[in-house]
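Please read the structure below before turning to the comments.
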Amino acid sequence: MEITQHNAMEIGVAKTDEVPEAFAVLEQGIHAALETYSNVHRGSGHNSMVTTHLYEHARVIVLDYLGLNKPDYIVIFCTARRAKVLKTQLDPKIYQCISSKEFGLSLGVNALAIQRKALPKGIPFQTGGGTTRLVSRDWVIWADAPDRFEAGTPAIINVIAFAKALRLMGQYGKDVFRNPSAEKLEAAEILYHDELNNYAGQELFDKLRRTLIGRGVQVPTAAGALPYINLDNSASTPTFEPIWNAFRQTLRQKTEVQQEVVKEVKSICSGFLGAPIDKYDMIFTSNTTESINLAAESLGRESEESIEFVVLNTLLEHSSNDLPWRMVPGSSVIRLTVNNEGIVDLNELETNLRIYNQENQFGKKRIKIVAVSGASNVLGICNNIEEISRIVHKYRARIFVDAAQLAAHRKIEMEANGIDYLAFSAHKVYAPFGCGVLMVRKGLLHFSNVEMEQTRLSGEENAAGIAALGKSLVLLQRIGMDLIHENEQALTRRLFQGIAQITGLRIYGIKDIDSPAFVQKLGVIVFNIKGISPNRVALELAVKNGIGVRYGCFCAHIIIKHLLNISPFLERVQGLVVTLFHKLSLPGLVRVSLGIENNEKDVDTVIRVLHQISGKPQTTSTTSKTRKLLTSEVQQQMNNFTHEAAIRVYS
């Protein structure tokens with residue numbers, strides 16, 4: 001749907017010569033987007049539909065603003081650093097670039113409008129989640145543009161905000177955001193003061209949940225309008241009013257205050273990660289994927305005479321902690337297996353390190369980095385980072401931790417556990433405003449001073465998103481990571497017990513709540529139901545009760561194919577099929593993932609609906625037609641819901 005000035009007028013937005021308070025109008029649109037926020041493209045619920053539409057429509061708004069023909073151009077959203085690298089591959093005559101910075105907005109968004117026929121071919125300059133259509137251990141089928149050039153979860157809300165701002169600038173002038181009239185605030189006031197200041201622990205936990213943006217939003221279902229239930233937190237997390245306030249307050253501040261905020265958030269991140277500033281370098285990026293690409297690029301600049309670098313990771317890894325390491329020139333990747341519960345074999349880890357780095361059984365090859373997920377986005381299992389680190393350093397290698405799934409759920413101690421590199425994203429810790437973090441032990445980043453400064457400035461353009469991250473981490477610490485773990489384990493146990501009794505439902509990974517490994521598990525459960533495709537299960541959850549989950553391969557194709565016992569031959573067949581039939585869905589699983597906004601009622605609801613979905617289907621043609629008609633009606637209502645949400649945001 002394209003929202004024009006004409007249909008904006010139709011819904012009662014009067015055209016006027018009077019310039020509004022631009023930031024207030026912008027904030028209304030962003031808040032409306034947050035009320036139905038989810039990750040884009042691969043979700044199943046109402047929120048994912050809305051957010052995907054808002055994000056994709058932002059491309060249309062950019063082209064409208066630039067006066068470019070939509071069929072001829074494609075828009076790619078990226079950071080300043082990514083934009084600079086991509087532009088080096090392009091003829092200046094075939095693209096236009098605009099950024100939030102040039103209009104006075106600290107969103108960190110760059111939009112490149114490129115002629116479709118001139119897009120670079122081959123391997124994208126940054127790789128990871130979303131840049132592929134299918135991944136095997138040895139080959140990759142890359143996604144089409146623009147996904148191929150937007151590695152990792154993009155700055156979705158910031159992009160939507162930028163598009164909304166372009167609409168306002170098109171109406172009132174491009175300088176409308178240059179002179180904010182807000183009262184000057186101190187960084188400490190933005191980051192440490194809020195209406196919940198007097199609370200901590202469980203009391204803060206309970207009160208914070210009541211400030212969830214989008215709490216109680218009603219969505220259309222087969223049972224009528226019901227409150228939306230978000231069970232897709234592993235993909236991206238919603239946010240809360242105090243975090244939103246930190247974002248919008250920072251967006252309105254002048255540059256000197258924003259710089260103070262950025263500096264203070266570095267200190268907050270240092271404390272949250274147990275990584276002293278005097279011992280670690282910290283860089284803000286757009287997401288975990290960009291952070292890992294930076295670390296891999298740095299490794300590629302190292303050289304040791306007569307040595308070939310090897311990166312050791314696991315079958316569990318997200319594409320973002322696999323593909324960037326494959327792209328390091330002159331290096332190779334080997335993978336550790338995992339058991340049926342998803343746990344890495346530490347003996348296998350030590351054996352590999354010993355035969356490569358001590359016994360030199362593979363000639364010049366040496367394991368330089370062990371790159372592991374802190375927690376799996378598929379099986380929800382937390383790796384024993386402390387023990388892995390001990391073994392890694394025993395054999396003079398380094399450890400990189402992809403903490404995208406870990407940071408919101410467990411306490412992290414980088415220095416105490418000997419972690420050399422760590423990356424995570426703000427959108428996984430209730431601050432979905434396009435900020436990522438790379439924390440690296442000093443001396444391990446191999447970029448020139450000029451390159452480091454350009455990278456730093458690129459990330460810090462998103463001062464508002466950085467403020468939201470800082471505020472979120474402050475709140476999580478005030479609640480206490482141990483308390484979050486206890487609440488999560490209780491809900492996960494309840495969910496396990498409920499769905500384990502469902503006929504035909506198979507859980508992957510840990511299957512027994514009495515397993516000693518259960519304490520290592522996050523609130524992430526993947527499953528399938530016999531005879532019902534994962535996409536159908538996900539659709540039924542949305543249609544029947546407004547439940548949003550995720551289905552497919554979760555950008556972790558290797559572990560999914562391992563769990564589903566897909567043979568190398570079938571894997572090659574899949575590759576051929578995907579190449580020939582772009583729209584085809586491949587086998588996968590359904591994932592339910594919990595966050596701090598979830599409660600026992602949410603868990604009980606999804607258990608009840610899964611029981612209904614797995615129950616014996618009625619076989620009469622009349623019943624089948626009725627069910628299809630009802631589903632079709634609800635899907636149309638969901639489309640209408642998406643249309644109405646888009647008008648609230650962009651008009």
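Rule-based calculations on the coordinates, nothing more; no lab input. Not measured: the values here are computed from a predicted model. Glycine also receives a Cβ, built like all others from the backbone with ideal geometry; neighbour counts cover every protein chain displayed.
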Given Cβ point charges of +1 (Lys, Arg) and -1 (Asp, Glu) and nothing else, what value in debye, to the nearest 20, does the dipole of the stretch 481-642 about its Cα centre take?
800 debye
Projected area averaged over all directions for the convex hull of the alpha carbon atoms of the chain, nm², comes out at 29.1 nm²
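If the convex hull of the alpha-carbon atoms of the stretch 276-459 is projected onto planes in all directions, what is the mean projected area in square nanometres?
Values: hull surface 41.4 nm².
Mean orientational projected area (the stretch 276-459, Cα hull): 10.3 nm².
Given +1 on the Cβ of Lys and Arg, -1 on the Cβ of Asp and Glu, and no further charges, what dipole in debye does the stretch 5-182 carry about its Cα centre, rounded to the nearest 20? Before the final figure, lay out the partial values.
Values: 20 positive and 16 negative charges, 167 e Å.
In total the dipole reaches around 800 debye.
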Per-bin percent of Cα-Cα distances, the stretch 5-182 [5 Å]:
1, 7, 15, 19, 20, 16, 10, 6, 3, 1, 1, 0
Compare the peptides 115-123, 76-84 by average per-residue count of other Cβ atoms within 10 angstrom and give them in order, highest first.
76-84, 115-123
Calculate the length of the line joining the C-alpha centroid of the stretch 55-98 to that of the stretch 530-549, in whole Å.
36 Å
Magnitude of the charge dipole, the stretch 456-505, Cβ model with Lys/Arg +1 and Asp/Glu -1, debye to 20:
120 debye
In the structure shown, of 117/561; 184/471; 365/394, the pairs separated by more than 29 angstrom at the C-alpha atoms are 117/561
Quick check on the exposure proxy: order 561, 279, 174, 471 from fewest to most C-beta atoms within 10 angstrom.
279, 174, 561, 471
Using only the alpha-carbon atoms, what does the stretch 66-127 span along each of its principal axes? Please give whole angstrom values in decreasing order.
33, 29, 17
With an 8 Å cut-off on Cα pairs and a minimum separation of 6 or more residues, tell me the relative contact order of the chain in percent.
20 percent
For the stretch 407-442 and the stretch 242-316, what is the separation of their Cα centres, given in Å?
8 Å
Taking the Cα atoms of the stretch 418-561 alone, what are Rg (to one decimal) and Dmax (as a whole number) in Å?
20.0, 60
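For residue 189 and residue 90, what is the calculated FRET efficiency with R₀ set at 51 Å and r taken between the beta-carbons, to the nearest 0.05? The partial results should precede the final answer.
Numbers: r = 43 Å, r/R0 = 0.84.
Calculated transfer efficiency: 0.75.
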Peptide ranges 486-492, 416-422 listed from the most packed, as the mean C-beta count within 10 angstrom indicates:
416-422, 486-492
Sort 537-546, 204-213, 176-185 by the packing proxy (mean of other Cβ within 10 Å over each peptide's residues), most packed first.
537-546, 204-213, 176-185
How far is it, in nm, from the label point at residue 351 to the one at residue 450 when both lie 7 Å from their Cα along the line to the Cβ?
4.9 nm
Do me a favour and compute the ellipsoid semi-axes for the stretch 329-387 from its Cα gyration tensor, root of five times each eigenvalue, largest one first, whole Å.
24, 13, 10
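Defining a contact as two alpha carbons under 8 Å apart and six or more residues distant in sequence, what relative contact order in percent does the stretch 5-182 show?
Numbers: 222 pairs, mean separation 42.7, N = 178.
RCO, the stretch 5-182: 24 percent.
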What percentages, rounded to whole numbers, describe P(r) for the stretch 341-423 computed over all alpha carbon pairs with 10 Å bin width beginning at zero?
18, 49, 27, 6, 0
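Provide Rg over Rh for the stretch 363-502; use the alpha carbon set for both Rg and the Kirkwood Rh (inverse mean inverse pair distance). Can you show the working numbers first?
On the way: Rg = 17.7 Å, Rh = 17.2 Å.
Here Rg/Rh amounts to 1.03.
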Which three numbers, in whole Å and largest first, are the semi-axes of the equivalent ellipsoid of the stretch 481-642 derived from its Cα gyration tensor as √(5λ)?
27, 24, 16
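Helix-only mean residue ellipticity at 222 nm, the chain, DSSP H runs n ≥ 4 weighted -39,500 (n - 2.57), per residue, nearest 500. What is it?
Working: 21 runs with 272 residues, N = 651.
Computed ellipticity for the chain at 222 nm equals -13000 deg cm²/dmol.
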